[in-house]
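A short write-up of the structure that comes next.
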(Lines give C-alpha, C1' and ligand atoms only; values in the text may rest on other atoms or scores of the structure.)
Protein backbone atom coordinates (compact mmCIF):
# COMPACT_ATOMS: atom_id res chain seq x y z
CA UNK A 1 0.00 0.00 0.00
CA UNK A 2 1.37 3.41 -1.01
CA UNK A 3 0.21 7.04 -0.95
CA UNK A 4 1.99 8.37 -4.04
CA UNK A 5 -0.67 10.43 -5.81
CA UNK A 6 -0.41 10.12 -9.61
CA UNK A 7 -0.08 13.24 -11.72
CA UNK A 8 -3.43 12.59 -13.43
CA UNK A 9 -5.18 12.93 -10.07
CA UNK A 10 -3.74 16.40 -9.52
CA UNK A 11 -4.61 17.69 -12.97
CA UNK A 12 -8.29 16.72 -12.85
CA UNK A 13 -11.08 19.29 -13.14
CA UNK A 14 -14.09 19.65 -10.84
CA UNK A 15 -14.78 18.25 -7.39
CA UNK A 16 -11.44 16.51 -6.87
CA UNK A 17 -11.12 13.32 -4.79
CA UNK A 18 -8.24 12.52 -2.47
CA UNK A 19 -6.09 9.45 -2.73
CA UNK A 20 -6.90 7.12 0.17
CA UNK A 21 -4.41 4.42 -0.88
CA UNK A 22 -2.86 2.69 -3.85
CA UNK A 23 -1.64 -0.84 -4.39
CA UNK A 24 0.19 -2.69 -7.14
CA UNK A 25 -0.26 -6.34 -8.08
CA UNK A 26 2.69 -8.40 -9.27
CA UNK A 27 1.46 -8.49 -12.87
CA UNK A 28 -1.26 -7.06 -15.12
CA UNK A 29 -4.71 -6.90 -13.54
CA UNK A 30 -7.06 -9.80 -14.29
CA UNK A 31 -10.03 -8.68 -12.17
CA UNK A 32 -11.05 -6.34 -9.35
CA UNK A 33 -13.98 -6.83 -6.94
CA UNK A 34 -15.25 -4.97 -3.88
CA UNK A 35 -17.19 -6.39 -0.93
CA UNK A 36 -19.56 -3.45 -0.59
CA UNK A 37 -20.60 -4.18 3.00
CA UNK A 38 -17.09 -4.61 4.43
CA UNK A 39 -15.05 -2.39 2.10
CA UNK A 40 -12.66 -5.26 1.39
CA UNK A 41 -11.11 -5.59 -2.05
CA UNK A 42 -10.30 -8.72 -4.02
CA UNK A 43 -7.91 -8.45 -6.95
CA UNK A 44 -6.32 -10.99 -9.25
CA UNK A 45 -3.46 -10.69 -11.71
CA UNK A 46 -2.46 -12.63 -14.82
CA UNK A 47 0.48 -14.30 -13.05
CA UNK A 48 -1.98 -16.09 -10.75
CA UNK A 49 -1.85 -13.80 -7.73
CA UNK A 50 -5.02 -13.24 -5.68
CA UNK A 51 -4.97 -10.38 -3.18
CA UNK A 52 -7.53 -9.69 -0.45
CA UNK A 53 -7.13 -6.16 0.91
CA UNK A 54 -8.86 -4.40 3.78
CA UNK A 55 -10.52 -0.99 3.40
CA UNK A 56 -7.15 0.68 4.10
CA UNK A 57 -5.41 -1.17 1.28
CA UNK A 58 -3.51 -3.51 3.61
CA UNK A 59 -3.05 -7.14 2.57
CA UNK A 60 -5.28 -9.55 4.50
CA UNK A 61 -4.29 -12.59 2.47
CA UNK A 62 -2.22 -13.36 -0.62
CA UNK A 63 -2.22 -16.44 -2.81
CA UNK A 64 0.22 -16.90 -5.68
CA UNK A 65 0.57 -19.39 -8.50
CA UNK A 66 -3.10 -19.88 -9.39
CA UNK A 67 -2.87 -21.19 -12.93
CA UNK A 68 -4.87 -19.60 -15.77
CA UNK A 69 -6.63 -17.10 -13.51
CA UNK A 70 -9.06 -15.16 -15.69
CA UNK A 71 -11.75 -13.37 -13.68
CA UNK A 72 -13.66 -13.46 -10.41
CA UNK A 73 -16.63 -12.31 -8.33
CA UNK A 74 -16.89 -11.60 -4.60
CA UNK A 75 -19.88 -11.40 -2.24
CA UNK A 76 -20.81 -7.98 -0.83
CA UNK A 77 -20.61 -9.48 2.67
CA UNK A 78 -17.02 -10.59 2.04
CA UNK A 79 -18.13 -14.17 2.68
CA UNK A 80 -16.22 -15.75 -0.19
CA UNK A 81 -16.58 -15.72 -3.94
CA UNK A 82 -15.67 -17.33 -7.24
CA UNK A 83 -12.73 -17.39 -9.63
CA UNK A 84 -12.62 -18.57 -13.25
CA UNK A 85 -9.60 -20.63 -14.31
CA UNK A 86 -8.92 -21.10 -17.99
CA UNK A 87 -11.92 -21.34 -20.28
CA UNK A 88 -14.21 -23.65 -18.36
CA UNK A 89 -13.33 -24.09 -14.68
CA UNK A 90 -15.17 -22.33 -11.86
CA UNK A 91 -13.80 -22.48 -8.30
CA UNK A 92 -15.49 -21.27 -5.12
CA UNK A 93 -13.34 -19.76 -2.35
CA UNK A 94 -14.30 -19.05 1.25
CA UNK A 95 -13.35 -15.88 3.13
CA UNK A 96 -9.98 -17.41 4.05
CA UNK A 97 -9.29 -17.98 0.32
CA UNK A 98 -9.57 -21.75 0.73
CA UNK A 99 -11.08 -23.80 -2.09
CA UNK A 100 -14.56 -25.08 -1.24
CA UNK A 101 -15.34 -26.71 -4.56
CA UNK A 102 -14.62 -26.59 -8.28
CA UNK A 103 -16.69 -27.46 -11.31
CA UNK A 104 -15.88 -27.77 -14.98
CA UNK A 105 -18.42 -26.31 -17.39
CA UNK A 106 -19.15 -27.77 -20.84
CA UNK A 107 -18.45 -24.47 -22.63
CA UNK A 108 -16.35 -21.31 -22.29
CA UNK A 109 -17.37 -19.14 -19.34
CA UNK A 110 -18.17 -15.58 -20.44
CA UNK A 111 -19.37 -14.05 -17.18
CA UNK A 112 -19.85 -14.84 -13.51
CA UNK A 113 -21.73 -13.08 -10.70
CA UNK A 114 -22.65 -13.85 -7.12
CA UNK A 115 -25.52 -12.45 -5.08
CA UNK A 116 -24.73 -10.06 -2.17
CA UNK A 117 -24.61 -12.89 0.39
CA UNK A 118 -22.67 -15.36 -1.73
CA UNK A 119 -25.57 -17.82 -1.68
CA UNK A 120 -26.06 -18.04 -5.45
CA UNK A 121 -23.78 -17.86 -8.46
CA UNK A 122 -24.72 -17.22 -12.09
CA UNK A 123 -22.40 -18.43 -14.85
CA UNK A 124 -22.98 -17.48 -18.48
CA UNK A 125 -21.56 -19.66 -21.25
CA UNK A 126 -20.50 -18.94 -24.82
CA UNK A 127 -23.19 -21.22 -26.24
CA UNK A 128 -25.98 -19.00 -24.88
CA UNK A 129 -26.91 -20.86 -21.70
CA UNK A 130 -26.71 -19.47 -18.16
CA UNK A 131 -26.39 -21.71 -15.12
CA UNK A 132 -27.34 -20.74 -11.55
CA UNK A 133 -25.97 -22.80 -8.64
CA UNK A 134 -26.15 -22.37 -4.87
CA UNK A 135 -23.22 -22.19 -2.45
CA UNK A 136 -23.17 -26.01 -2.28
CA UNK A 137 -22.81 -26.39 -6.09
CA UNK A 138 -26.40 -27.58 -6.50
CA UNK A 139 -28.09 -26.43 -9.69
CA UNK A 140 -30.90 -23.94 -9.15
CA UNK A 141 -31.65 -22.95 -12.75
CA UNK A 142 -30.49 -23.31 -16.33
CA UNK A 143 -31.86 -21.03 -19.03
CA UNK A 144 -31.08 -20.02 -22.61
CA UNK A 145 -30.96 -16.55 -24.16
CA UNK A 146 -30.93 -15.53 -27.82
CA UNK A 147 -27.41 -14.14 -27.37
CA UNK A 148 -24.69 -15.29 -24.96
CA UNK A 149 -24.66 -13.09 -21.85
CA UNK A 150 -21.41 -11.34 -20.96
CA UNK A 151 -22.36 -9.03 -18.06
CA UNK A 152 -24.31 -10.35 -15.06
CA UNK A 153 -25.43 -8.70 -11.84
CA UNK A 154 -27.73 -9.84 -9.04
CA UNK A 155 -29.96 -7.21 -7.44
CA UNK A 156 -29.62 -6.52 -3.72
CA UNK A 157 -33.31 -6.18 -2.81
CA UNK A 158 -34.36 -9.42 -4.53
CA UNK A 159 -32.64 -12.36 -6.17
CA UNK A 160 -33.35 -11.28 -9.75
CA UNK A 161 -30.50 -11.29 -12.25
CA UNK A 162 -29.96 -8.46 -14.76
CA UNK A 163 -27.73 -9.33 -17.69
CA UNK A 164 -26.50 -8.02 -21.03
CA UNK A 165 -24.85 -9.51 -24.07
CA UNK A 166 -22.00 -7.79 -25.87
CA UNK A 167 -24.43 -6.92 -28.65
CA UNK A 168 -28.13 -6.09 -28.85
CA UNK A 169 -29.56 -7.88 -25.79
CA UNK A 170 -30.56 -6.80 -22.27
CA UNK A 171 -32.67 -8.98 -19.95
CA UNK A 172 -33.89 -9.71 -16.44
CA UNK A 173 -34.50 -13.19 -14.99
CA UNK A 174 -35.79 -14.64 -11.74
CA UNK A 175 -33.54 -16.88 -9.68
CA UNK A 176 -35.50 -19.82 -11.12
CA UNK A 177 -34.46 -18.78 -14.63
CA UNK A 178 -37.88 -17.41 -15.56
CA UNK A 179 -37.57 -14.43 -17.88
CA UNK A 180 -39.07 -11.18 -16.56
CA UNK A 181 -38.32 -9.24 -19.74
CA UNK A 182 -35.83 -8.93 -22.56
CA UNK A 183 -35.04 -5.96 -24.76
CA UNK A 184 -33.24 -5.57 -28.05
CA UNK A 185 -30.81 -2.68 -27.72
CA UNK A 186 -29.05 -0.88 -30.54
CA UNK A 187 -25.57 -0.70 -29.08
CA UNK A 188 -22.44 -2.63 -28.27
CA UNK A 189 -21.93 -3.10 -24.53
CA UNK A 190 -18.51 -2.85 -22.88
CA UNK A 191 -19.68 -3.00 -19.26
CA UNK A 192 -22.80 -2.80 -17.06
CA UNK A 193 -23.76 -1.35 -13.68
CA UNK A 194 -27.11 -1.78 -11.93
CA UNK A 195 -28.65 -0.03 -8.92
CA UNK A 196 -29.51 -2.26 -5.97
CA UNK A 197 -33.24 -2.29 -6.70
CA UNK A 198 -32.80 -2.61 -10.47
CA UNK A 199 -34.49 0.73 -11.19
CA UNK A 200 -31.40 2.00 -13.01
CA UNK A 201 -29.39 -0.07 -15.48
CA UNK A 202 -26.31 1.58 -16.99
CA UNK A 203 -24.53 0.26 -20.06
CA UNK A 204 -21.14 1.47 -21.24
CA UNK A 205 -22.21 1.66 -24.87
CA UNK A 206 -18.85 2.52 -26.43
CA UNK A 207 -19.28 5.41 -28.92
CA UNK A 208 -22.87 5.98 -27.69
CA UNK A 209 -21.67 6.93 -24.20
CA UNK A 210 -23.66 5.65 -21.21
CA UNK A 211 -27.14 4.33 -21.97
CA UNK A 212 -29.53 4.25 -18.99
CA UNK A 213 -32.56 1.95 -18.71
CA UNK A 214 -35.29 1.57 -16.09
CA UNK A 215 -36.48 -1.50 -14.16
CA UNK A 216 -38.48 -2.67 -17.18
CA UNK A 217 -35.58 -2.34 -19.59
CA UNK A 218 -37.00 0.79 -21.20
CA UNK A 219 -34.63 3.56 -22.23
CA UNK A 220 -34.59 6.46 -19.76
CA UNK A 221 -31.52 8.56 -20.62
CA UNK A 222 -28.32 8.80 -22.62
CA UNK A 223 -25.18 10.41 -21.22
CA UNK A 224 -22.89 11.62 -23.99
CA UNK A 225 -19.22 11.86 -23.03
CA UNK A 226 -16.01 12.69 -24.80
CA UNK A 227 -14.46 9.37 -25.74
CA UNK A 228 -15.58 5.75 -26.06
CA UNK A 229 -17.19 4.48 -22.84
CA UNK A 230 -15.77 1.05 -21.95
CA UNK A 231 -16.20 0.73 -18.14
CA UNK A 232 -18.93 1.90 -15.77
CA UNK A 233 -19.70 1.47 -12.06
CA UNK A 234 -22.32 3.07 -9.81
CA UNK A 235 -23.38 3.48 -6.19
CA UNK A 236 -26.25 1.44 -4.76
CA UNK A 237 -28.85 4.04 -5.79
CA UNK A 238 -26.92 5.09 -8.93
CA UNK A 239 -26.73 8.69 -7.69
CA UNK A 240 -22.99 8.53 -8.38
CA UNK A 241 -21.52 7.02 -11.55
CA UNK A 242 -17.92 6.53 -12.64
CA UNK A 243 -16.97 5.98 -16.28
CA UNK A 244 -13.70 5.15 -18.03
CA UNK A 245 -13.12 5.48 -21.78
CA UNK A 246 -10.80 3.83 -24.28
CA UNK A 247 -9.11 7.21 -24.66
CA UNK A 248 -8.20 7.13 -20.92
CA UNK A 249 -10.73 9.71 -19.73
CA UNK A 250 -12.14 9.14 -16.24
CA UNK A 251 -15.48 10.76 -15.34
CA UNK A 252 -17.38 11.15 -12.05
CA UNK A 253 -21.09 11.90 -12.67
CA UNK A 254 -24.28 12.46 -10.70
CA UNK A 255 -27.55 10.60 -11.31
CA UNK A 256 -28.50 12.98 -14.13
CA UNK A 257 -25.21 12.46 -15.92
CA UNK A 258 -23.90 15.87 -14.89
CA UNK A 259 -20.12 16.02 -14.67
CA UNK A 260 -18.71 16.37 -11.14
CA UNK A 261 -15.06 15.61 -11.88
CA UNK A 262 -12.95 14.52 -14.84
CA UNK A 263 -9.35 13.70 -15.61
CA UNK A 264 -7.18 11.97 -18.17
CA UNK A 265 -5.22 9.01 -16.82
CA UNK A 266 -1.70 8.05 -17.86
CA UNK A 267 -2.62 4.43 -18.56
CA UNK A 268 -5.65 2.36 -19.48
CA UNK A 269 -8.31 1.60 -16.88
CA UNK A 270 -9.16 -2.11 -16.69
CA UNK A 271 -11.71 -2.17 -13.84
CA UNK A 272 -13.93 0.21 -11.84
CA UNK A 273 -15.80 -0.24 -8.56
CA UNK A 274 -17.98 2.22 -6.61
CA UNK A 275 -18.95 1.98 -2.95
CA UNK A 276 -22.68 1.75 -2.06
CA UNK A 277 -22.95 5.39 -0.90
CA UNK A 278 -20.98 6.98 -3.72
CA UNK A 279 -18.24 8.17 -1.38
CA UNK A 280 -15.27 6.37 -2.97
CA UNK A 281 -14.24 4.46 -6.06
CA UNK A 282 -11.63 1.88 -6.99
CA UNK A 283 -9.73 2.43 -10.22
CA UNK A 284 -7.84 -0.63 -11.44
CA UNK A 285 -5.28 -0.04 -14.17
CA UNK A 286 -4.29 -2.66 -16.73
CA UNK A 287 -0.75 -2.54 -15.32
CA UNK A 288 -1.98 -3.80 -11.92
CA UNK A 289 -1.99 -0.45 -10.12
CA UNK A 290 -5.12 0.05 -7.98
CA UNK A 291 -6.23 3.41 -6.57
CA UNK A 292 -8.91 4.15 -4.00
CA UNK A 293 -10.22 7.69 -4.44
CA UNK A 294 -12.42 9.27 -1.74
CA UNK A 295 -14.83 12.20 -1.97
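The values are calculated or read from the model by the stated rules, or taken from the named source; none is laboratory data. Everything numeric in this text was worked out from a predicted model, so none of it was measured. Methodologically, a virtual Cβ is constructed for each residue, glycine included, from the backbone with ideal geometry; neighbour enumeration extends over all protein chains shown.
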- Listed residues 125, 142, 110; which is touching a strand residue (DSSP E or B) at 6+ places or on another chain (Cβ under 7 Å), within 22 Å of residue 183 (Cα to Cα), loosely packed, with under 14 Cβ neighbours inside 10 Å and at pLDDT 95 or above? 142
- Item | Given (1) at pLDDT below 95; (2) within 24 Å of residue 234 (Cβ to Cβ); (3) touching a strand residue (DSSP E or B) at 6+ places or on another chain (Cβ under 9 Å), index of the condition residue 2 fails | (2)
- When you scan the stretch 215-228, how many residues do you find that are surrounded by 15 or more Cβ atoms within 10 Å (Cβ to Cβ) and within 19 Å of residue 153 (Cα to Cα)? 2
- Message: Please determine whether any residue of the stretch 88-107 is in contact (Cβ under 8 Å) with a residue 24 or more places away in the chain, in a strand (DSSP E or B) and closer than 19 Å to residue 159 by Cα.
- Response: no
- Query: What's the number of the condition residue 112 fails, among (1) under 20 Å from the mean Cα position of the chain (by Cα); (2) part of a loop (DSSP other than H, G, I, E, B)?
  - Reply: (2)
- Kindly indicate whether any position in the stretch 154-162 is over 21 Å from residue 231 (Cα atoms), touching a strand residue (DSSP E or B) at 6+ places or on another chain (Cβ under 7 Å) and modelled with pLDDT of 95 or more. yes
- Is there a residue in the stretch 237-248 that is assigned to a loop (DSSP other than H, G, I, E, B), at pLDDT below 95 and in contact with a strand residue (DSSP E or B) (Cβ under 9 Å, 6 or more places away or on another chain)? no
- Looking at (1) under 18 Å from residue 215 (Cα atoms); (2) modelled with pLDDT of 95 or more, which is the only condition residue 134 fails? (1)
- Query: Does residue 86 qualify as being out of contact with any helix residue (DSSP H, G or I) (no Cβ under 7 Å at 6 or more places or on another chain), closer than 22 Å to residue 234 by Cβ and surrounded by fewer than 21 Cβ atoms within 10 Å (Cβ to Cβ)?
  - Reply: no
- Item | In the stretch 1-51, the residues that are surrounded by 17 or more Cβ atoms within 10 Å (Cβ to Cβ), within 16 Å of the chain's Cα centre (by Cα) and farther than 18 Å from residue 85 by Cα | 34, 35, 36, 40, 41
- For the stretch 249-266, how many residues are buried (at least 17 other Cβ atoms within 10 Å of the Cβ) and out of contact with any strand residue (DSSP E or B) (no Cβ under 7 Å at 6 or more places or on another chain)? 1
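Every residue, every condition in (1) over 28 Å from residue 129 (Cβ atoms); (2) outside any strand (DSSP E or B); (3) touching a residue at least 24 places away in the same chain (Cβ under 8 Å), yes or no:
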{"residue": "8", "(1), (2), (3)": "yes, yes, yes"}
{"residue": "32", "(1), (2), (3)": "no, no, yes"}
{"residue": "44", "(1), (2), (3)": "no, no, yes"}
{"residue": "51", "(1), (2), (3)": "yes, no, yes"}
{"residue": "62", "(1), (2), (3)": "yes, no, no"}
{"residue": "65", "(1), (2), (3)": "yes, yes, no"}
{"residue": "72", "(1), (2), (3)": "no, no, yes"}
